[in-house]
Amino acid sequence: MLNSSFLFSSIIIIILKKLTELVNLQKPFFTICRKPLVEQINLWKNKIPMIQPHYAVKCNNDPYLINILKEHNVNFDCASGGEIQQILNSSISSTKIIYANPYKNINDLDYAVKEKVPITVVDSLEELDKLRNKKIETMVRVKVNDKDSLMPFSSKFGASFEESMDILKRAKEYKMNISGFSFHVGSGCFNSNQYYDAVKMVSDIMIKSNYLNHEYKIIDIGGGFAGDCDEKFLDQAKKINEAVDMFKNRFHPYKDITFISEPGRFYMTKTHTLYVPIIAKRKTNNKTFYIIDESVYSSFSNIKYDMANPTFEIVNQARKTGKEYDSVIFGRTCDSGDKIQELKLPELEIGDYFEIKNMGAYTTVSSTNFNGFNSTEKVYLC
């Protein structure tokens with residue numbers, strides 16, 4: 001049997017050798033660590049244990065990280081047949097999946113039904129019609145206030161109060177039961193009161209629709225949880241606890257509701273750190289352009305699709321001293337729109353590396369090979 005200290009030392013040597021090889025080749029790379037993910041899992045359990053998390057696979061579908069979530073009894077939010085298939089192929093039961101996309105391709109829907117995914121969502125009469133005679137439960141996705149979020153979703157998703165009532169009535173006509181409600185206060189929620197207000201709105205709908213005799217059993221509070229600021233999450237958790245208490249104390253028959261959620265960035269943000277070299281440099285119009293071996297079409301896709309504002313740290317400490325100049329960081333592609341950030345930087349040289357932390361959410365999963373560039377390599381540290 002191998003000595004554990006020897007095995008650990010061997011793993012460290014392999015990792016260091018790989019990192020050295022990538023740096024010598026002037027390649028960009030991610031370092032990925034499980035520790036921040038486990039810390040976030042435990043933080044959730046400590047602060048809002050009554051909310052069963054269903055990880056939003058769209059945020060980062062890395063199999064290594066999916067398996068860690070599986071080990072810690074986190075469930076999964078899937079938005080397509082492909083995501084459902086990935087989770088099932090990870091030896092995870094379909095009972096741990098919610099099919100949380102209101103707008104479903106009929107083939108994906110049939111696949112979810114065949115694999116016995118238990119529940120999905122609708123926000124229109126048209127989507128409800130697709131579920132007639134299908135063996136899958138459904139929630140109504142409600143449109144809620146999300147104006148104080150980085151990326152509001154209500155412009156596309158969610159039924160208004162009145163539309164929700166129409167769906168509930170039509171379902172009763174179809175002899176379909178509605179199992180509950182879902183909402184999303186927007187990605188990157190800055191106002192924790194939005195959770196409280198949304199739960200109250202759902203409670204109001206449940207009270208008003210009581211006469212329809214649907215058997216409500218679940219409320220999905222969606223996502224929007226901070227992944228890089230524990231203080232913000234603690235404020236969100238406080239309001240969610242208050243909302244659950246408010247719900248349970250209101251006068252209605254639905255006291256045994258299960259609360260679930262769809263965190264994504266909350267789990268993944270801190271797991272990835274990106275290291276990327278400068279591959280070209282140009283001075284023009286009193287600015288220095290630095291072109292890096294990455295792109296908004298690749299790992300910095302989070303700038304466009306997730307409103308991210310990455311922080312660039314200079315790896316070479318000796319470069320950090322001295323005067324700073326107006327600078328622009330561009331990506332490597334032949335697109336002038338591949339502009340990553342304008343900032344002040346000291347004089348840097350080709351071959352210098354940047355370190356960018358908190359790059360685990362909506363980065364690798366939306367990366368492309370535009371212009372023929374390969375995806376950035378991953379190095380798993382632990």
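Please give the net charge around GLN194, taking every other residue with its beta carbon less than 9 angstrom from that of GLN194, where Lys and Arg add +1 and Asp and Glu add -1.
Neighbourhood net charge equals -1.
Evaluated with a Cβ-only charge set (Lys, Arg +1; Asp, Glu -1), the chain carries a dipole of roughly 380 debye about its Cα centre, given to the nearest 20. Gain on full extension, evaluated as 0.36 nm per residue between CYS33 and THR321 minus their Cα-Cα distance, stands at 100.7 nm. Considering only ALA171, ASN61, ASN193, the residue lying farthest towards the positive end of the dipole of segment 35-263 is ALA171, judged by Cα position with unit charges set on Cβ.
Shown is the FRET efficiency for VAL113 and GLN85, computed with R0 = 22 Å from the Cβ-Cβ distance and rounded to the nearest 0.05: 0.95. When the listed pairs LYS70/LYS143; LYS130/LYS172; LYS116/LYS217; LYS104/LYS304; LYS281/LYS323; LYS147/LYS270 are checked against a 22 Å cut-off, the alpha-carbon distance exceeds it for LYS70/LYS143; LYS104/LYS304; LYS147/LYS270. Computed from the C-beta positions of LEU150 and ILE207, the FRET efficiency with R₀ = 30 Å rounds to 0.40. GNM remark for the chain: springs join alpha carbons under 10 Å apart, and the peak mean-square fluctuation among VAL117, VAL328, VAL185 falls on VAL328. If a/c stays under 1.5 just call it rounded; otherwise compare a/b with b/c (prolate if a/b is bigger, oblate if not). Do that for segment 195-351, with a ≥ b ≥ c from the square roots of the Cα gyration tensor eigenvalues. Note, shape of segment 195-351 comes out prolate. Its relative contact order, with pairs defined as Cα atoms under 8 Å and 6+ residues apart, puts the chain at 19 percent.
For the set LYS47/LYS96; LYS96/LYS135; LYS47/LYS248, the pairs lying more than 20 angstrom apart at their alpha carbons are LYS47/LYS96. Where both bridge residues fall in segment 35-263, DSSP classifies roughly 5% of the beta bridges as antiparallel.
By other beta-carbon atoms within 10 Å, ranking ILE279, ILE219 with the fewest at the front produces ILE279, ILE219.
For the chain, the 222 nm mean residue ellipticity estimated from helices alone, with every DSSP H stretch of n ≥ 4 adding -39500 (n - 2.57) and the total spread over all residues, rounds to -10000 deg cm²/dmol.
Neighbour counts of C-beta atoms inside 10 Å place THR284, THR138, THR273 in the sequence THR284, THR273, THR138, starting with the fewest. If one computes the Cα centroid of segment 246-276 and of segment 126-165, what distance in Å separates the two points? Taking the Cα centre of segment 126-165 as reference, the centre of segment 246-276 is 17 Å away. Of the beta bridges in the chain, as assigned by DSSP with both residues counted there, near 45 percent are antiparallel. Ranking of TYR111, TYR216 by neighbouring Cβ atoms within 10 Å, starting from the fewest: TYR111, TYR216. When the chain is treated as a Gaussian network with alpha carbon springs shorter than 10 Å, the biggest mean-square fluctuation among ARG170, ARG141, ARG265 belongs to ARG170.
About its Cα centre, the dipole of segment 305-382 is roughly 140 debye, where the only charges are +1 on Lys and Arg Cβ and -1 on Asp and Glu Cβ.
Assuming charge only on the beta carbon of Lys and Arg (+1) and of Asp and Glu (-1), the dipole of segment 35-263 about its Cα centre is about 580 debye to the nearest 20. Other residues with beta-carbon under 13 Å from the beta-carbon of GLU39 carry, at +1 per Lys or Arg and -1 per Asp or Glu, a net charge of +3. Summarising the label geometry, the points placed 7 Å from Cα in the beta-carbon direction at LYS217 and LYS248 lie 1.9 nm from one another. Let's test the formula: R0 of 25 Å, r as the Cβ-Cβ distance of ILE13 and ASP230. What FRET efficiency results, to the nearest 0.05? After rounding to 0.05, the efficiency reads 0.15. From most to least packed by mean Cβ count within 10 Å, the peptides 149-157, 55-63 give 55-63, 149-157.
Given springs between every Cα pair under 10 Å in a Gaussian network model of the chain, which of TYR211, TYR195, TYR64 has the largest fluctuation? Highest fluctuation of the listed residues: TYR211. The residues neighbouring VAL365, those whose beta-carbon lies less than 9 Å from its own, together hold a net charge of 0 under the Lys/Arg +1, Asp/Glu -1 convention. Using Cα centres only, tell me the gap between segment 176-206 and segment 317-382 in whole Å. Each part's Cα centre sits 38 Å from the other's.
The numbers here are math on the coordinates, done by the rules we state, and not lab data. Everything quoted here is computed from the prediction, not taken from an experiment. Cβ sites come from the backbone with ideal geometry, for glycine too, and all protein chains shown count toward neighbours.
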